[in-house]
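These notes concern the structure reproduced below.
What follows draws every value from the coordinates through simple rules; no lab data is involved. None of the values given here were measured: they were computed from a predicted structure. Cβ: placed from backbone, ideal geometry, glycine included. Neighbour counts: every protein chain shown.
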Amino acid sequence: MSSLRFSYFIKIGILFLAYFITAKIGLSFDAVSGFATLVWPPSGIALAAILLFGYRLWPGIFLGAFLVNLITGAPFFAAIGMGTGNTLEPLLGAYLMRRFTGFKDTFLDLRQVLGFIFLAGFLSSLISATFGTSSLYFNGAIDISVYLKTWIAWWLGDVLGVLIFVPLIIYWSRWRNVYFSIRETAEALLMLFLLFIFCLIIFGEILGEPFIDPLLIFLLFLPLIWSALRFGFRMTIFCILSLSVISIIATMSGRGPFVRVSLAESLVFLQIFMAVISSTSLIITGIIDNLKQVKEELTKFNQELEIKVKKRANALIKSKEEQLRHEIQLEEKERDFVSMASHQLLTPIALIRGYLSMLLSGKYGNVDSIASGYLSESLKGAQRMAKLVKDLLTTSSIESGHIKIEKQVFDLTVVLLEVLKDFRSKAEQKHLKFIVNVRKESSSVLADIHYTREVLANIIDNAIKYTKKGGISFTVKKSANGFISISIEDTGIGINRNDIPHVFDRFYMSKNWLTRQSDSNGLGLYISRLLVEKMGGTITVESQVDKGSEFIINLPQV
Ligand code: ADP
């Protein structure tokens, strides 16, 4: 607590000294009516101190303002009034800035810069000008005839003090954050050089008569706007301060475009110009600063968005992966179940088929024609069931990768002819012709002979099943890319165009119940495709409804 108190008094002491000394310097410039001076740095120092360290420092301001005016010759009560006005001004300025622009300890956006210029600069300074000039008048220190002149000089002096010294103290108190690259330093030096040259031309009158024209003062906007655009507040404030010092010294020594009959009058014109040029540069700096902030915020926002999107995408991929794993597990379970159930079914089905065949053979007594009809239907059903179970077992063993492909070299034409023998009688029953086109060239393939037979049997069985009249032709030949192809072409019912992409899918059956066969299960072509692919081959189909279908199997040639 005591150390807090101590530092508090130290701060008040420093503020008092800073106020007193700078006020004394300010008053040393030809003050209007002895008190209203051109630039009143104490008003800026006071506001900066309140903004940075709080309202509690007000006694430092009051003491400084009161004493300096008393010493300069103001009557006691006038000095009290002037001190009060000088103290109320920064307190009100700080309050307005905090209340209406949310200012904390540095300028964050354009609103705060504008608030500072108009609320703390132009508005609050009215108080001190009014208090000060009125105190002098009521205490008989000035005549009513000079009241307005004094008031204007006082007000403008305070405005300039605030506009120049508040940003200067606030920005330069954070000096450590400043970093200029070599390129920026070179550019800044060039800009300062330009400012210096313009000051020499305008206030130093170095180019002589032809260049002494009040309009030249507009040149000064160039380096200031350059600074505002490229270097921000700190540098701009530095330029404004340098410009004030140079212009004051020049005007006081009778040089430059602001020189009038009396020094006080000259300084008022200079004040007006400085107020305009400094508030313009500060506003431009504020706008640029704001744009930079918006850009920075956008970049930050973009980066954050990118991180978020990446995180989301990763989470999505993870959940997709988990879903896939889950699906694979489910499929594995399903396959295990199918395989287990099929194995369990094999024996009872074999028994049923055996007993039904025995009953039908008449070994266990005569079977009348009605019973024989039922029995043979039951036998057909049992055979269908046996085929389904066998197909299911084959499917699950291929899918689970348990199937063993044993590749060997054999002649595809020979195997085809062997398989055809098994189907001859079935084809004859339907009066279908087999046409085999055998070429002279070799038709040796490297594949699993057992599974090749199974695939051929499947396709040929289908061709017979789905063909009512005509025949089936077989062509074995060399095809491109090192394959031997075998084409099985029927003149059957054909396959609907929409169904063609699906005929090799699991459990795919024609939607048309009229064409569907009683022993269909939709696994034959699926198994055939899996087996051919496992052997390194391909299987395709081309078909037209009511014209026929052509299945082409490609197997690796030796
Ligand atoms: P299944 O013949 O047991 O129904 P497949 O997988 O062997 O099962 O055949 C699937 C479907 O493809 C059949 O239901 C049938 O609609 C169609 N199909 C197969 N071969 C032919 C063919 N040669 N002509 C017409 N349609 C066929």
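Computed values, structure above
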item: Stokes-Einstein diffusion coefficient of the stretch 152-266, Kirkwood radius over Cα pairs, 4 °C, 1.567 mPa s, in µm²/s; result: 84 µm²/s
item: Per-residue Cβ neighbour rank within 10 angstrom, fewest leading, PHE20, PHE203; result: PHE20, PHE203
item: Computed FRET value (nearest 0.05) for LYS387 with GLU533, which takes r as the C-beta separation and R₀ as 22 Å; result: 0.50
item: Lysines with Cα under 24 Å of LYS310, excluding same-chain neighbours fewer than 8 positions away; result: LYS295, LYS300, LYS318, LYS320
item: Contour minus Cα-Cα distance for LYS363 and LEU229 (0.36 nm per residue); result: 37.0 nm
item: Virtual spin-label span in nm between LEU123 and ASN521, 7 Å along Cα→Cβ; result: 9.1 nm
item: Electrostatic dipole magnitude of the chain [Cβ: Lys, Arg +1; Asp, Glu -1; Cα centre; debye, to 20]; result: 1420 debye
item: Degrees separating the helix 58-72 axis from the principal Cα axis of the chain, which is the longest one; result: 30 degrees
item: Assigned charges on the beta-carbon of Lys, Arg, Asp, Glu; the stretch 319-400 dipole about Cα centre (debye); result: 480 debye
item: Cross-link pairs beyond the 27 Å C-alpha cut-off, checked among LYS387/LYS477; LYS387/LYS421; LYS404/LYS433; LYS380/LYS469; result: LYS387/LYS477; LYS404/LYS433
item: Spherically averaged projected area of the stretch 96-180 from its Cα convex hull (nm²); result: 6.9 nm²
item: More than 17 Å apart - percent of Cα-Cα pairs taken over the stretch 213-300; result: 52 percent
item: Over the stretch 319-400: Kirkwood hydrodynamic radius from C-alpha pairwise inverse distances, Å; result: 15.0 Å
item: Rg/Rg_globular for the stretch 439-558, with Rg_globular taken as 2.2 N^0.38 Å and Rg from C-alpha atoms; result: 1.04
item: Likely footprinting exposure, GLU322, GLU89, fewest C-beta neighbours within 10 Å first; result: GLU322, GLU89
item: FRET E, pair LEU207, ILE10, Förster distance 35 Å, beta-carbon r, rounded to 0.05; result: 0.10
item: Net charge, PHE504 excluded, C-beta distance under 12 Å - Lys, Arg +1, Asp, Glu -1; result: -1
item: Exposure proxy order (Cβ contacts within 10 Å, fewest to most) of TRP172, TRP40, TRP154, TRP58; result: TRP172, TRP58, TRP154, TRP40
item: Rel. contact order, % - alpha carbon contacts under 8 angstrom, at least six apart, the stretch 263-392; result: 22 percent
item: Computed [θ] at 222 nm, helices only, for the chain once each DSSP H run of length n ≥ 4 contributes -39500 (n - 2.57); result: -22500 deg cm²/dmol
item: Dimensions in Å of the stretch 447-511 - Rg and Dmax from alpha carbons; result: 13.5, 37
item: Extension gain, GLN323 back to ASP505 (0.36 nm per residue minus Cα-Cα distance, nm); result: 63.3 nm
item: Given charges at beta-carbon only (K, R positive; D, E negative), |dipole| of the stretch 1-166 in Debye; result: 460 debye
item: Relative contact order %, the chain, counting alpha carbon pairs below 8 Å whose residues are six or more apart; result: 9 percent
item: Convex hull volume per residue in cubic angstrom - Cα atoms of the chain; result: 350 Å³
